[in-house]
Amino acid sequence: MEGMLTDTPWRPCTAQGIDNRCMHLVVPFAASLSEAGAQTLQSLRLPQLERLLSRLERGVQTGSDENTLNLPHEQVLARSRGWVGDDGCLPFAAVWAQADGLPGAPDGQGWGLLTPSHWQLGREQIELRDPDALELDDAESRALLQAVRDLFESEGWTLHWGATLRWYATHESLATLATASLDRVIGRHIDDWLPERLAGRQVRRLQSELQMLLHTHPINDAREARAALPVNSVWLSGTGRTQSLASGSEEPTVDGRLRAPLLAQDWAAWAEAWQALDAQVLGDLDARAARGEVFSLTLCGERHAVRFDSAPRSAWQRLAQTWRSVSCLPVLRSL
């Protein structure tokens, strides 16, 4: 999804390597709970990661299970900023809106990210397709937002355009409404992830009315005529009230290259991305660890995120670690 990782206020890695200023690297989507993902993981060879883990000390573990509204890496990023909030109320939309140059929400109101989406109707349930598959352009995105603006603003919401796949809303209900992250839901049935029934009643009604409005919109007619997916709904996520950055908080670097292939269940591409990450970025970190530099690495899956920390060591300790072998497979399986 455009903007979810590589366009956020957290500094991303480059394809070539890691910024030397990085003190904490976060790697989301490092493991999958699917059978095919587990089989792919079993066949991966990640020598740089194994060498790096032999030099680091295991630290704090974040997360609980695969049913949380916020993914483990989002919980890590929220903690790094010193945010306080319940599951599903970590205000990522407020941060992304600020990064997109939008004004702050009025006092007492919260932000939400509205992502133009295609909900695919199956025989029994509805699945959320990856919004990147829409291949939506700016002109279409702006026109569709304008088409639904009155629907939301008649209910007291205010809508803003941030980017092609990033529409924003402000409303008092969004300050405390818990919502599931988009990346929790992509490729899955949406029923279990819709906002809680009482608090989310208005959202579900707006979504239903929006779906009817978009069904006959000329842009969708044109898209279907050229065999493109129609935009038939939105997904609300990132809800919460703006929070200040805590004093002394760190700025993690996020490497999001594993996200797209994992969500697409393209396991060959996911393995290739993992091997590139291992050779480039983790190789850089291993060299830094060998020199005794201090930094942290957090590996994140669907249930847990586990942090590993380096520490200054003597030359003898660093030499001794070169003979220490650590398998990365149990770590990745635990995520």
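What the phi angles of the range 51-65 give under the Karplus curve with 6.51, -1.76 and 1.60, with θ = phi - 60°, is a coupling list of 5, 5, 4, 5, 9, 10, 9, 5, x, 5, 10, 10, x, 9, 8 Hz, glycine and proline written as x. Gyration tensor analysis over the Cα atoms of the range 65-105 returns equivalent ellipsoid semi-axes of 21, 10, 9 Å (largest first, whole Å). Ordering Pro230, Leu245, Ala147 by the projection of their Cα atoms onto the charge dipole of the chain, which places +1 on the Cβ of Lys and Arg and -1 on the Cβ of Asp and Glu, puts Leu245 at the extreme positive end. A Cα-only calculation for the range 152-266 places Rg and Dmax at 16.9, 54 Å.
Based only on other Cβ atoms within 10 Å, what is the fewest-to-most ordering of Arg241, Arg226?
The fewest-first ordering by Cβ neighbours comes to Arg226, Arg241.
Across the options Gly37, Gln61, Gly112, the greatest Cα extent toward the positive end of the charge dipole of the range 33-151 (unit charges at beta carbon of Lys, Arg, Asp, Glu) belongs to Gln61.
For the chain, dividing the convex hull volume of the Cα atoms by the residue count gives 138 Å³ per residue. About its Cα centre, the dipole of the chain is roughly 1100 debye, where the only charges are +1 on Lys and Arg Cβ and -1 on Asp and Glu Cβ.
Evaluated at q = 0.22 Å⁻¹, the base-10 log of the normalised Debye intensity for the range 17-132, with identical point scatterers placed on the Cα atoms, takes the values -1.45.
Taking the Cα centre of the range 92-240 as reference, the dipole from Cβ charges on Lys and Arg (+1) and Asp and Glu (-1) amounts to some 220 debye. Note on the range 92-240: Cα Rg divided by 2.2 N^0.38 Å, N the number of residues, gives 0.99.
Here, each number is a calculation from the coordinates, and none is a lab measurement. Values in this document were obtained by computation on a predicted structure and should not be read as measured data. All Cβ positions, glycine included, derive from the backbone under ideal geometry; neighbour counts span all protein chains shown.
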